[in-house]
Amino acid sequence: MTHGYEDLAGRAPKKVVHSLYDLGELATRLESPNTFDRLGDTMFMDSFEYNMGHWEISTGGTASSADLSELAVRSKRYSCKMDAGNVANASVQITAYNPYPYATRLGLEFSIAMQYTDDQWELILYIIKDSKRYKAEIGYHHPSNVLYYIDESNNPVELENAYLIFAWFKNFYTYKMVVDIETMQYVRVLAYGKLWDLEGKNLYYDDVEMNNHLEIAIKYTALTVNTKTCFVDDVILTQNEP
């Protein structure tokens, strides 16, 4: 960040006085939701403070829904409460649409709090380019405690098969994946305290008739009967990732 004269003096000399790490500290103190990895330049960020206007909501099964909630938050006042139920494999998905960026590495992260042990989440980035829909996806299957990614054959591949979480609706975990949209390959996955190197792993794709764009999707599924609930907060899409 540069520091110098007032904004009206656009040609005045300036000098760098704050490092990027200092700005990260400042962002945290000012309650920015972007405190997990802090790499890349933010393209899209939603901490669900106003409404669900960014998101298309789709449901499967009765009693499935997504809406703002004050019951549990990672940052600020609201999160997105996702209810899936009340039949086995009922689901709810929220999807946001973004324009296609220039070729770069993209990062997608979100935070989630779960309170059951028979549910599953999926974080998906669809990259639609030249009539192909590429899919980058990570997910967590709670009954087996498996954190996974989806490979080029559209099959789940374990990142860790004993990934234990503390299931409590106030306890948020943050996950981030980074992909290269020039090569259409994974780069890495991050969770609290861990990094998985996926450099060179190709993304799955299928053929579609769509204009170039990006889609962010978060899907939550109840794997048994009875409604299950999770809370999602701080969805962040970045570009220019290292």
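Just a few scattered comments:
- Some residue of region 171-180 being touching an Asp or Glu at 6+ places or on another chain (Cβ under 7 Å), within 16 Å of LYS129 (Cα to Cα), surrounded by 14 or more Cβ atoms within 10 Å (Cβ to Cβ) and among the aliphatic types (A, V, I, L, M): no
- When residues of region 119-158 are limited to those that are of a type in the set (D, E, K, R) and in a strand (DSSP E or B), the one farthest from ALA222 (Cα to Cα): LYS129
- Selection of region 53-66 for residues being surrounded by 15 or more Cβ atoms within 10 Å (Cβ to Cβ) and under 18 Å from the mean Cα position of the chain (by Cα) yields HIS54, TRP55, ILE57, ALA66.
- Some residue of region 172-179 being over 19 Å from THR238 (Cα atoms) and either over 15 Å from the mean Cα position of the chain (by Cα) or of a type outside the set (Gly, Ala, Ser) (or both): yes
- Residue that is farthest from the chain's Cα centre (by Cα) [pool: residues in region 204-228 that are crowded, with 17+ Cβ neighbours inside 10 Å and farther than 14 Å from LEU123 by Cβ]: THR227
- Of the candidates SER91, SER153, SER131, SER111, the single residue that is at positive phi and modelled with pLDDT of 95 or more is SER131.
- Enumeration of residues in region 125-145 that are buried (at least 21 other Cβ atoms within 10 Å of the Cβ) and aliphatic (A, V, I, L, M): LEU125, ILE127, ALA136, ILE138
- Note on region 171-240: enclosed strands (runs of 3 or more DSSP E) holding 2 or more residues that are within 29 Å of MET114 (Cβ to Cβ), touching a residue at least 40 places away in the same chain (Cβ under 8 Å) and of a type in the set (A, V, I, L, M) are 173-180, 185-191, 213-222, 228-239.
The values are calculated or read from the model by the stated rules, or taken from the named source; none is laboratory data. Since this is a predicted model, take the numbers as computed values, not measurements. Because the Cβ atoms are built from the backbone with ideal geometry, glycine has one as well, and the counts that use them run over all protein chains shown.
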